[in-house]
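Trainee: Below: one structure in structure tokens.
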Amino acid sequence: MNFNNNDHIGTYQRPSRVFKIYPVLSHLNTKFQSLCLPGQNIAIDESLTLWRGRLSFRQYIPLKSSKSGIKSHELCEPSSGYLWSFIIYADKDTVFQTAFISGDTNKTATIVLSLVEPLLKKGCKLWMDKFYNSPALA
């Protein structure tokens, strides 16, 4: 299934592996953000959605219960479990477009900043595990 016109690939700045479904991903992120405003506490974690078919960016993580699937980084509200924003992990060279990121910031800090960018200076407390923590974020 294609949700994007191949003629627009020259102007596309996101990972090329999700080009065909990017309009759907963008629409879902926009809808999730417009339907609910998260509370004071927000959390970032990764998720692995089970996928057994063929997919170029499918991840294999043997320690997870569903060993192969689509990896995503998610910003949720812990009290209700509401998914407010997400990023699909397409490849190791994924570049996120965020205004607050300098050139020397590592990739985990880039993920955190791109997810939290709409909520900066809104009084939210961010909870994350040690995987996302870094001196660049501090």
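Trainee: Cβ contacts < 7 Å: first residue in contact (Cβ under 8 Å) with a residue 40 or more places away in the chain and under 15 Å from Leu115 (Cβ atoms), restricted to segment 29-52; second residue charged (D, E, K, R) and assigned to a loop (DSSP other than H, G, I, E, B), any location; separation 6+ or different chain. Result?
Mentor: Asp45/Asp129
Trainee: Right, another one. How many residues does segment 49-65 hold that are within 19 Å of the chain's Cα centre (by Cα) and in a loop (DSSP other than H, G, I, E, B)?
Mentor: 7
Every residue, every condition in (1) among the basic types (Lys, Arg); (2) under 22 Å from Trp84 (Cβ atoms); (3) modelled with pLDDT of 90 or more; (4) assigned to a loop (DSSP other than H, G, I, E, B), yes or no:
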{"site": "Arg14", "(1), (2), (3), (4)": "yes, yes, no, yes"}
{"site": "Lys20", "(1), (2), (3), (4)": "yes, no, no, yes"}
{"site": "Pro23", "(1), (2), (3), (4)": "no, yes, no, no"}
{"site": "Thr30", "(1), (2), (3), (4)": "no, yes, yes, no"}
{"site": "Leu37", "(1), (2), (3), (4)": "no, yes, no, yes"}
{"site": "Ser47", "(1), (2), (3), (4)": "no, yes, no, no"}
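The values are calculated or read from the model by the stated rules, or taken from the named source; none is laboratory data. Treat the numbers as computed from the prediction; the structure is a model and nothing was measured. All Cβ positions, even for glycine, are placed from backbone atoms using ideal geometry, and neighbour counts span all protein chains on display.
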